[in-house]
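Inspection log for the structure reproduced underneath, given as structure tokens.
The values are calculated or read from the model by the stated rules, or taken from the named source; none is laboratory data. Quick caveat: nothing in here was measured; it's all calculated off a predicted structure. Here Cβ is always computed from backbone atoms with ideal geometry, including for glycine, and neighbour counts include all displayed protein chains.
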Amino acid sequence: MTTTTKAEAKETFKRLLIENKGDAKHPDVSKALDNLIELAAKDSDVYSSPAHNVDINKGKWRSITTPPFRGKLDDETDGKTRFTLGRMR
């Protein structure tokens, strides 16, 4: 799915991450990210280095991707990813 605005692309990306249980490698999530990157690149002259611009990075952040550790449990009824106790290699 290709969207035309950055706002739509961000919402699509977040929705697909949630629908795919945080799997950033899922093909649909990957396509949505590519679309978001393409749209953001069009504004590259406006934000030449957004990672270093403190003003546009302020806010409340949370991770919605699932780490690729072994021992992931299937029960995600409350939307939280859980892992078995043990070493995460």
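Hey, can you tell me all the residues within the stretch 13-44 that are over 18 Å from SER63 (Cβ atoms) and surrounded by 14 or more Cβ atoms within 10 Å (Cβ to Cβ)? So that I can check it myself, show each step before the final result.
Taking the stretch 13-44 as the starting set, the residues that turn out to be over 18 Å from SER63 (Cβ atoms) are 27-28, 31, 34-35, 37-44.
ASP28, LYS31, ASN35, LEU39, ALA40 - these are the residues of the stretch 13-44 that are over 18 Å from SER63 (Cβ atoms) and surrounded by 14 or more Cβ atoms within 10 Å (Cβ to Cβ).
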Pair list, Cβ < 8 Å and 6+ apart or interchain, from the stretch 18-35 residues that are assigned to a helix (DSSP H, G or I) and among the polar types (S, T, N, Q) to residues that are modelled with pLDDT under 95 and exposed (fewer than 13 other Cβ atoms within 10 Å of the Cβ):
ASN35/MET1; ASN35/THR2
